[in-house]
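FYI, it's all coordinate maths here, none of it is from the lab. Values in this document were obtained by computation on a predicted structure and should not be read as measured data. Cβ coordinates were reconstructed from backbone atoms using ideal geometry, including for glycine residues, and neighbour counts include every protein chain displayed.
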Amino acid sequence: MRIVGAGHHALDTMSSVVSPARLHLAELRGPERAWLLEQRYDRSVGKHEGPFAWRDLVEPKVPDDPAASVGPRPATPEFIALDGREVLLPVERDHHANLTRLRAVADEDGRCLTLFLTDATDGDEASRGRLAFCEQAPEGGWFLCTVWHEWHPAR
């Protein structure tokens, strides 16, 4: 099955595989990394929050006081591969195995990608839907999520 709409590229919807990407966050250098650190994203899962800075996910702050009780360092995100595209979502790596792609729609020029996914990590089935709007990095062939929202399927 293929999704085809006015102004949209067709993407195969048969595969729901979310897999590790060949690109890794630690590999981003120079202009690509600088661009990423300046980006923001909106998040609405459970309640609306944001916008947040990608810098805070990529380079979490460590308290100045070494005696301060610091819990485990938050898990940083990592790229995933969807439909041959490298995508960075604002979710921890341990969620990746629980993500399922339901639908992916690229815009006419292929620079924006809208994803409908489920995340079975927590919550009941009704609250597993996720909507991600992603934009292609200007210096790279990868996509960055700028909107990560809860989505309740109408089916």
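Quick notes
- Net charge of Cβ neighbours under 15 Å - reference Ala97; Lys, Arg +1; Asp, Glu -1: -1
- Amide H partners (placed H, <5 Å) of Arg128, local residues excluded: none
- Amide H partners (placed H, <5 Å) of Val45, local residues excluded: Glu150
- For Glu86, the residues whose modelled amide H falls within less than 5 Å of its own, excluding neighbours fewer than 5 places apart on the same chain, are Phe143.
- Each other residue within a Cβ distance under 12 Å of Gly110 adds +1 if Lys or Arg and -1 if Asp or Glu, for a net charge of -3.
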